[in-house]
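All of the numbers you see were taken from the coordinates with simple rules; none came from a lab. Keep in mind that this is a model prediction, so the values were computed, not measured. When we count neighbours, we look across all protein chains shown, and the Cβ atoms used for this are built from the backbone with ideal geometry, even at glycine.
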Ligand code: HGA
């Protein structure tokens, strides 16, 4: 999603801003821009569609010389991908604005501002912010007052940074529904939508809260809450490490992150298990106070995280003896749902800033949940800060847009949550211990799964010129089939659908022919025989199958079936283990097709707009 960087310093800031944008590139974007106020007190800006590198090249030709500036990577929501729609947007060559989010009442504001004589140069919702602030500043005189008054008129979501030639030493920023963090420097200060952008210049951060407006110059930071009161916000020292060039020996971040899964999961487990069960405080201090009373779990998530939640439903109902619903956040937040007594709301998000999931979490506060828990990879995120309980996945920074290690560590956390709730709901001790042992074996099993890479690379050749594919699974492997299909779609652009294998005969069998490869996830569980019947249904219709099977499941390769043997593992961790070969398949297919693996077209990493 969009990225924001801003800086006010004694030194020139263009280099800092561009490096910040580079570090946010992984989030996905379609255009980028920088604006500075130069020594003649003039606004200078450069914008480009395409990659940050193109913006960098353009600025190398015509250097931007200023000690205060703002920069943006845009993922278009309103208006096409054009230079004119790229941020920063300007008003009367005095105000410049960058914005993440969506202004829902932009049409009405646009008409009102046009009536005041403002001329619009873009189709974006963002441009109304620039003109509105300019309009307010004309009457109020001061930039801070103008921004405060303008944001009161905005409906929707924004993280915005504003610069004004009439106040050339200040950045005024506002946050509502889209994250912003202030980077505290020595004799210089910064702002960004994600601390990763600022790690080369500072490790001291202030996380703005919802409704905050801040007035920042080189030496001072003043913050005001929604009521306009001056407030103090804690300065936090970040321990995040992120090497922007850090693909190591790997060709893509995605491949690196697939290979990192054994270690990522080891980190997820560390210090959180006893010999017999999970420790309550894995979910936060006093977690037991909430977990012990839980009678129902409502999971809310989007995309890959939603698939993790789907697997968790199988685990929670079958082992923790607790009922569980799972819903896509964008649906949940706009429907009136029934809240069971003593319900726990579980949100799942890599970034902890996913707009729809965050909105669902906020909504849940009014709905009478017993408590909320987030499964999240970013400790400083809004979701972690706003949930009663949090389980940090410790996957490390995930840069590839297509989620890999975030997903397997989420699953690991959710299996631990099954223990965390199950132990209060009569889950037999022996069963808890068995899950603990399976979890302890998981990193090694993931190493074995990753070692299938060469075989899968070969298999991938068969998919490169296919347009469609079908993924099948049963039970808790059905969501894994869905995740496999999502990965293939995301990075190779091959149309992929997943079905619970028992559903085949209710429609999708009509699609089967030799042009439609069928990928089957087949661990050795009690649904294996049922799955084998489904495989025969495909074979009888001339389908070509790729079966990812437990070596004890006795599938044999032949003319219509390619079998890839996956290591034998405990059934309870099989969904996590079988994820890896499917990730590798989509990676190698994308590689052969030559798509942009780490930044697939039209997609963004942290989806901070609804
Ligand atoms: N609505 C703005 C910003 C979009 C955004 O935040 N994307 O992540 C635009 O379309 O330019």
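Angle, helix 303-319 long axis vs. longest principal axis of the chain, Cα atoms, 0 to 90°, nearest 10?
Helix 303-319 and the main axis of the chain meet at about 40 degrees.
What does the convex hull of the Cα atoms come to per residue for region 219-297, in Å³?
Measuring per residue, one finds 253 Å³ for the Cα hull of region 219-297.
Please list the radius of gyration and Dmax for region 151-252, considering alpha-carbon atoms only, with Å as the unit.
15.2, 51
Let me know the Rg and Dmax you get for region 344-431 when you use only its Cα atoms, in Å.
13.7, 40
Provide 405, 423, 166 in ascending order of the number of other Cβ atoms located within 10 Å of each residue's Cβ, fewest first. Intermediate results must be reported in sequence, preceding the final value.
Working: 405 31, 423 20, 166 15.
So the residues, fewest neighbours to most, are 166, 423, 405.
Along the Cα-to-C-beta direction of residue 429, a point sits 7 Å from the Cα; which residues of region 273-292 have their amide N less than 14 Å from that point?
Answer for this model: 275-278.
In 5 Å bins starting at zero, report the fraction of Cα pairs in region 13-101 per bin as a rounded %.
Pairs per bin, as whole percents: 3, 16, 28, 28, 18, 7, 1.
Quick one: give the max-minus-min coordinate of the C-alpha atoms of region 1-65 along each principal axis, largest first, in Å.
34, 22, 15
May I have the extent of the alpha carbons of the chain along their three principal axes, as whole Å values ordered from largest to smallest?
Answer, in whole Å and largest first: 76, 54, 43 Å.
Assign one of three labels to region 47-167, namely rounded, prolate or oblate, based on the Cα gyration tensor with a ≥ b ≥ c the square roots of its eigenvalues; rounded applies when a/c is under 1.5, prolate when it is not and a/b is larger than b/c, and oblate otherwise.
On the way: a/c = 1.95, a/b = 1.36, b/c = 1.44.
Verdict is oblate for region 47-167.
Any chance you could run the full-extension gain for residue 82 through residue 250? It's 0.36 nm times the residue separation minus the Cα-Cα distance, nm to one decimal. It would help to have the intermediate numbers written out before the result.
Working: separation 168, 0.36 × 168 = 60.48 nm, distance 3.28 nm.
Fully extending the segment from residue 82 to residue 250 adds 57.2 nm.
Using only alpha carbon positions, build the gyration tensor of region 388-435, then give the equivalent ellipsoid semi-axes as the square roots of 5 times its eigenvalues, largest first, whole angstrom.
Values: eigenvalues 149, 27, 9 Å².
Largest first, region 388-435 gives 27, 12, 7 Å.
Could I have the simple spin-label model distance between residue 526 and residue 62, label points 7 Å from Cα toward Cβ, reported in nm to one decimal?
7.0
For region 476-546, report the % of Cα-Cα distances exceeding 13 Å.
Every Cα pair in region 476-546 considered, those over 13 Å come to 65 percent.
How big is region 233-344 in terms of Cα radius of gyration and Dmax, in angstroms?
Expressed in Å, the Cα Rg and Dmax of region 233-344 come to 18.3, 51.
What value in Å³ per residue do you get for the convex hull of the alpha-carbon atoms in region 442-511?
Value for region 442-511: 102 Å³ per residue.
Can you sort 506, 78, 72, 167 by how many other beta carbons sit within 10 Å, fewest first? Could the numbers behind the result be given before it?
Details: 506 9, 78 17, 72 30, 167 21.
Fewest to most other Cβ atoms nearby, the residues stand as 506, 78, 167, 72.
If you build the convex hull over the alpha carbons only and average its shadow over all orientations, what do you get for region 540-587? Give it in nm² to one decimal.
Details: hull surface 16.0 nm².
Over every viewing direction, the Cα hull of region 540-587 projects on average to 4.0 nm².
Counting other C-beta atoms within 10 Å, which of 302, 2 has the fewest, and how do the rest follow? Before the final figure, lay out each step's value.
Details: 302 21, 2 29.
With the sparsest Cβ surroundings first, the list reads 302, 2.
So what's the angle, to the nearest 10 degrees on a 0 to 90 scale, between helix 14-24 and the longest Cα principal axis of the chain?
20
What ranking do 353-360, 283-290 get when scored by the average of other Cβ atoms within 10 Å per residue, highest first? Please list the in-between numbers first.
Details: 353-360: 26.2, 283-290: 17.6.
Per-residue Cβ counts within 10 Å, averaged per peptide and sorted highest first, yield 353-360, 283-290.
Where does helix 355-364 land angle-wise versus the long Cα axis of the chain, in degrees 0 to 90, nearest 10?
80
Can you order the peptides 39-47, 177-185 by their average number of other Cβ atoms within 10 Å per residue, highest first?
Final packing ranking: 177-185, 39-47.
Report the gain in length on full extension from residue 541 to residue 336: 0.36 nm times residue separation, minus Cα-Cα distance, nm rounded to one decimal. Intermediate values should be presented prior to the final figure.
Values: separation 205, 0.36 × 205 = 73.80 nm, distance 4.38 nm.
Between residue 541 and residue 336, full extension yields an extra 69.4 nm.
Sum -39500 (n - 2.57) across every DSSP H segment of at least 4 residues in the chain, then divide by the residue count to get the 222 nm mean residue ellipticity, nearest 500. Walk me through the numbers on the way to the answer.
Details: 18 runs with 209 residues, N = 610.
Value at 222 nm, helices only: -10500 deg cm²/dmol.
Can you tell me the FRET efficiency between residue 232 and residue 448 if r is taken as the Cβ-Cβ distance and R0 is 60 Å, rounded to the nearest 0.05?
Working: r = 51 Å, r/R0 = 0.86.
So the FRET efficiency works out to roughly 0.70.
Report the gain in length on full extension from residue 602 to residue 155: 0.36 nm times residue separation, minus Cα-Cα distance, nm rounded to one decimal. If you can, show how the numbers build up before the last one.
Working: separation 447, 0.36 × 447 = 160.92 nm, distance 2.55 nm.
Taking residue 602 through residue 155 to full extension adds about 158.4 nm, to one decimal.
First check a/c for region 136-211, with a ≥ b ≥ c the square roots of the eigenvalues of its C-alpha gyration tensor; if it is under 1.5, answer rounded, and if not, answer prolate when a/b is larger than b/c or oblate otherwise. It would help to have the intermediate numbers written out before the result.
Numbers: a/c = 3.00, a/b = 1.41, b/c = 2.13.
It comes out oblate by the Cα gyration axes.
Based on the inverse mean of 1/r over its pairs of different Cα atoms, what is the Kirkwood hydrodynamic radius of region 436-576, in Å? Walk me through the intermediate numbers first.
Numbers: mean 1/r = 0.0653 Å⁻¹.
Evaluated over region 436-576, this radius sits at 15.3 Å.
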